[in-house]
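Please read the structure below before turning to the comments.
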């Protein structure tokens, strides 16, 4: 019995529908596989990027750790208590506070790479680095002290500053890392408790050591930072106006006295609170009583 025309058309419609459904499924699978492929490629790309990021971080950390480990640590008298004082009641000399700080042989260090002007350290943290300087503020943004190109760069002085820190305001730059390496540790100074416990840093120069007493921490646009006087202020009043301003915008409080006769050091690093944001710490330089060279001579004489 022959199929009716209606049944044939119905059967054909069903077959066409099934074929269309198969085609749609194939298209859906193709799209799904394409999306899956893109996701896998994205994951692999991110994994490779993350691995490279971690490797570069490790490379920088390893480089600077080896460099820091090559520097001898020696006890130094604290500049806050340079001499033992005798108590009238007890008639016993008070104990002199000693600090174990880097004892840098700058002559030997400059044989390894030129441009080393000083050393900066903060006890109990990874902040323990040479301070570099060249004739511009770009080179050490992406070069290690030995000249190797690396995104971590170096801690370095503003090229306009005198390397002996005799300017009224000396600026030191360094990158903000994801960890506490380089100037990454500076992020914690926004917290009053951390600031109070770690506000004393140390600057080591070829002929003298300094205690750097941080007294203000603030955020600023990089363009505004560029306008801060570096080499000279107009006069003492201009200097004090600048100090009063940066203290007024500080994220932490400090009662440290800073006068027009003091020299300050500005530490600047990038942060991401807003576009072109910079985190800035400013401290007062307090020299150790005995220059490093004199201590070296005394040590040599004692050994002899």
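Taken together, the values in this text are just the output of simple stated rules run on the coordinates, not laboratory data. The structure presented is a predicted model; accordingly, all values stated were derived computationally and were not measured. Reconstructed Cβ throughout: ideal geometry from the backbone, glycine too, with neighbour counts over all protein chains shown.
For this structure, a couple of remarks:
- A simple packing score, the average count of other Cβ atoms within 10 Å per residue, orders the peptides 25-35, 277-287 as 277-287, 25-35, with the highest score first.
- Cα gyration tensor shape of the stretch 139-290, rounded if a/c is under 1.5, else prolate or oblate by comparing a/b with b/c: rounded
- Cα gyration tensor category, rounded, prolate or oblate, for the stretch 209-278 with a/c compared to 1.5: prolate
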